[in-house]
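Data first, discussion second: the structure below is written as structure tokens.
The values are calculated or read from the model by the stated rules, or taken from the named source; none is laboratory data. Keep in mind the model is a prediction, meaning the values are calculated, not measured. Note that each Cβ is placed from the backbone with ideal geometry, even for glycine, and that neighbours are counted across all protein chains shown. Remember, those area values only see protein heavy atoms, side chains included, never the ligands or the DNA or RNA. Shrake-Rupley method; radii C 1.70, N 1.55, O 1.52, S 1.80 Å.
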Amino acid sequence: MDLEVAEDYKSSTIKKKESWRTVLTLAFQSLGVVYGDLSTSPLYVYKSTFAEDIHHSETNEEIYGVLSFIFWTLTLIPLLKYVFIVLRADDNGEGGTFALYSLLCRHTKMSFLPNCQVADEELSAYKKKDSVGPPVINIGFRMKSMLEKHKVLQKMLLLLALIGTCMVIGDGVLTPAISVFSAVSGLELSMSKEHHKYVEVPVACFVLVCLFALQHYGTHRVGFLFAPITIAWLFCISAIGVYNIIHWNPHVYQALSPYYMYKFLKKTRLQGWMSLGGILLCITGSEAMFADLGHFSQLSIKIAFTSVVYPSLILAYMGQAAYLSKHHIIESEYKIGFYVSVPERIRWPVLAIAILAAVVGSQAIITGTFSIIKQCSALGCFPRVKIVHTSSKIHGQIYIPEINWTLMLLCLAVTIGFRDTKRMGNAAGLAVITVMLVTTCLMSLVMVICWNQSIFLAIGFILLFGSIEALYFSASLIKFLEGAWVPIALAFTFMVVMYVWHYGTVKKYEFDVQNKVSINWLLSLGPSLGIVRVRGIGLIHTELVSGIPAIFSHFVTNLPAFHQVLVFLCIKSVPVPYVQPEERFLVGRIGPKEYRLYRCIVRYGYHDVHKDDMEFERDLVCSIAEFIRSGNSDYNGGGMEEFEKEDEKMAVIGTSSSFNEGIRMCDNDDDDDAGETAGTSELREIRSPMVPRKRVRFVLPESPKIDRDAREELQDLMEAREAGMAFILGHSYVRAKRGSSFMKKLVINYGYDFLRRNCRGPSYALSVPHASTLEVGMVYHV
């Protein structure tokens, strides 16, 4: 007995060691991905703060006051707000603005996706597991009811989420510009002013062009260097900070007292308040802790920040303040900046590490921008774009060519147009603090609605963090003409694009719903649909999750023949990060069995990776075959859930890789023995007749038995699969109705039409050969 206890204790100890090893590994990796932007902020915080509004005097009240503000800002916002509170509000492990909005949507039964179904609420990731308290009728319940009843409040909440999202995209333009420019500005201390002005901007632009040009290779090729570079940078700035504290002013720690903030504001007054726009840059990149939560874990992010990043940044800012407290007259035009506090002997190595750290920090925000664009596109809030997965092993590493080159051009425009960290800092500061304000507002709603916490706790959260962020926001907004207009202009542009696309998509779907074809019309055509049925599978793309789209009648009346098997295919996104493979497909039948008409709804989360066309086709055919084998509409249990619809029953079917016991498809050109696996004596095969092309076989389990009709249906499906698949796409030309308002005509006829013509087609059809694609146009008047 003692031996068994000892073995159990030993195995549990090994598991704990392995888990801690995993956590520490993730913490190490997060330093390069999450904290690259935040760790480079010492490059430009003091320089931006002392740009014009305040001046460094002999009394040191300004420099001590700024240090006190930096210390408490870093302590309250990244440490207290994000590490201890916001990180808990994850959406199945995912973070970010849309994660908070997704949580609120699921708990309040709101939906910005028009094709949501009751079946979606049965997804394992959709279940409401976030409630901390019991579901009682309180203020939170009343707030939930109010949001569900009033469409205006729902639109306001969506608008708030889009504002935060657009500001993150704007930050993707401004952060690389200010980080790289600030790192390169160290050259100013090593050359004359005449030479420097011809070198700084070109070098910064060259680094930015190289950074964006290498994006298509993916970060996984150089990602292993990110964490060591960030660690080297943090060690460098903390070591320099300790040296400056000991050598110049060991008593600088006294400035951490909040009393120095009071003295600072009392002396500088209006100018001190305006300088807060530079101080808030010390928390640039804090939102990445929450946005990149899906790549790591809460514990690993907390460990990395509290044990490495936070103390290193505090030492770095204290060291700069200690140096500046003894140097009140800076002869160089560089004035107050990071590099003046760096000992001259190590200035060049520090410059090299700073440029590398700036590239790492910029890479993190660029990758984050790609991720949020993909998320918005999946949720119908951004036009479809080409998404390239740069790594087959590491989830979330994507590349979007159109967005990449757009960001590069905007970064170069900001760098060349501003040419100084002051205006860049004003622009970046407003983008950062706006995202944080949006997070605070959404987080307070999550506390009440999702966590069932007291309304007073949410009010306290807003009063504490919202007041601090509102103070910084006002200081940034006052610099509107000095650079702060840039993030507003960028956010407004992206907001218009998102709203126009979302509005047009919703109106188009509403038209489809209102003009569905009657099932009686379909039944009146007979099994042949009134036309010739030829071998093959026809996939008719539709956004509808129920009913027959109006464009189908257009197909029937204009095409001379149709395929033997027709599948109404709907690929939709659901407001969860991931959909489990065993819950991927919803399959149903339209009309009687002899019609061979099916509906297949493929569900993806907003972070799911869409499969390539060959694997997708295999999973699609297997899901229909499994639906047929399982007894479809007559099925009453055994692991699949059925949902009543107005004209059909939908069954939840997994991908072929998720079948433990079920149908499998063999697709080869070899001998009969090819593809046989161990244990085939327990399986039966349905084979198609011998044909001189690719053979398809369905391998069925021995039990349960399938009836004759199901066997014939599977036979037809195999023959159709052998003949090949064709994607039938309906191109809809959306136009506003006569009598519509001028604004609606402008949005639909010009805005949405322009975006539709210039965006990508359905994602699954991108790699389909043109010979297998049939496009039919139709005009919609919405």
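A compact table of results
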quantity	calculated
Unique match (being under 22 Å from the mean Cα position of the chain (by Cα) and either at positive phi or not hydroxyl-bearing (Ser, Thr, Tyr) (or both)) among Leu430, Leu463, Leu471	Leu430
Count of residues meeting criterion [surrounded by 24 or more Cβ atoms within 10 Å (Cβ to Cβ) and farther than 29 Å from Ala232 by Cα] in region 39-55	0
Qualifying residue in region 103-124 (condition: within 30 Å of Asn426 (Cα to Cα) and of a type in the set (Lys, Arg))	no
Flag for Ile455 being surrounded by fewer than 18 Cβ atoms within 10 Å (Cβ to Cβ), over 23 Å from Asp37 (Cβ atoms), in contact (Cβ under 8 Å) with a residue 40 or more places away in the chain and more than 25 Å from the chain's Cα centre (by Cα)	yes
Failed item, numbered, when Pro311 is tested on (1) at pLDDT 90 or above; (2) crowded, with 22+ Cβ neighbours inside 10 Å; (3) not aliphatic (A, V, I, L, M)	(2)
3 or more residues out of contact with any strand residue (DSSP E or B) (no Cβ under 6 Å at 6 or more places or on another chain) and either open to solvent by 20 Å² or more (accessible area, probe 1.4 Å) or closer than 14 Å to Gly654 by Cβ (or both): qualifying strands (runs of 3 or more DSSP E) within region 557-625	none
Positions within region 341-363 being open to solvent by less than 20 Å² (accessible area, probe 1.4 Å) and small (Gly, Ala, Ser), in sequence order	Ser341, Ala354, Ala357, Ala358, Gly361, Ser362
Counted residues, region 550-589 - those being under 27 Å from Leu379 (Cα atoms) and either among the β-branched types (Val, Ile, Thr) or without any contact (Cβ under 8 Å) to a residue 24 or more places away in the chain (or both)	7
Sole exception among (1) within 24 Å of the chain's Cα centre (by Cα); (2) open to solvent by 40 Å² or more (accessible area, probe 1.4 Å) for Ser300, by number	(2)
Answer residue from region 43-76, given it is more than 28 Å from Val184 (Cβ to Cβ) and of a type in the set (Val, Ile, Thr) and is modelled with the highest pLDDT among those	Thr75
Tally of residues being more than 30 Å from Phe562 (Cα to Cα) and loosely packed, with under 14 Cβ neighbours inside 10 Å across region 494-525	1
Exclusive hit being in contact with a strand residue (DSSP E or B) (Cβ under 6 Å, 6 or more places away or on another chain) and either outside any helix (DSSP H, G or I) or surrounded by fewer than 24 Cβ atoms within 10 Å (Cβ to Cβ) (or both), set Gly294, Gly285, Gly337	Gly294
Of residues in region 526-556 being buried (at least 19 other Cβ atoms within 10 Å of the Cβ) and of a type in the set (S, T, N, Q), the one farthest from Ser732 (Cα to Cα)	Ser546
Residue within region 341-350 that is among the hydroxyl-bearing types (Ser, Thr, Tyr) and either under 33 Å from the mean Cα position of the chain (by Cα) or not in a loop (DSSP other than H, G, I, E, B) (or both) present	yes
Condition check for Leu153: at pLDDT 80 or above and open to solvent by 60 Å² or more (accessible area, probe 1.4 Å)	no
Selection count, region 148-186, where residues are under 21 Å from Thr97 (Cβ atoms) and either touching a residue at least 24 places away in the same chain (Cβ under 8 Å) or of a type in the set (A, V, I, L, M, F, W, C) (or both)	24
Number of positions in region 78-102 that are crowded, with 24+ Cβ neighbours inside 10 Å, of a type in the set (A, V, I, L, M) and at pLDDT 85 or above	2
Where Leu522 falls short, out of the listed (1) out of contact with any strand residue (DSSP E or B) (no Cβ under 8 Å at 6 or more places or on another chain); (2) modelled with pLDDT under 85	(1)
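So that you can scan it fast, the table gives a plain yes or no per residue for (1) assigned to a helix (DSSP H, G or I); (2) in contact with an Asp or Glu (Cβ under 9 Å, 6 or more places away or on another chain):
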position: Ser377; (1), (2): yes, no
position: Arg384; (1), (2): no, no
position: Ile403; (1), (2): yes, no
position: Val414; (1), (2): yes, no
position: Val438; (1), (2): yes, no
position: Val446; (1), (2): yes, yes
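Here is a yes/no grid of residues against (1) of a type in the set (A, V, I, L, M); (2) at pLDDT below 85:
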{"site": "Ala322", "(1), (2)": "yes, no"}
{"site": "Lys326", "(1), (2)": "no, no"}
{"site": "Glu333", "(1), (2)": "no, yes"}
{"site": "Val340", "(1), (2)": "yes, no"}
{"site": "Glu344", "(1), (2)": "no, no"}
{"site": "Val360", "(1), (2)": "yes, no"}
{"site": "Ala364", "(1), (2)": "yes, yes"}
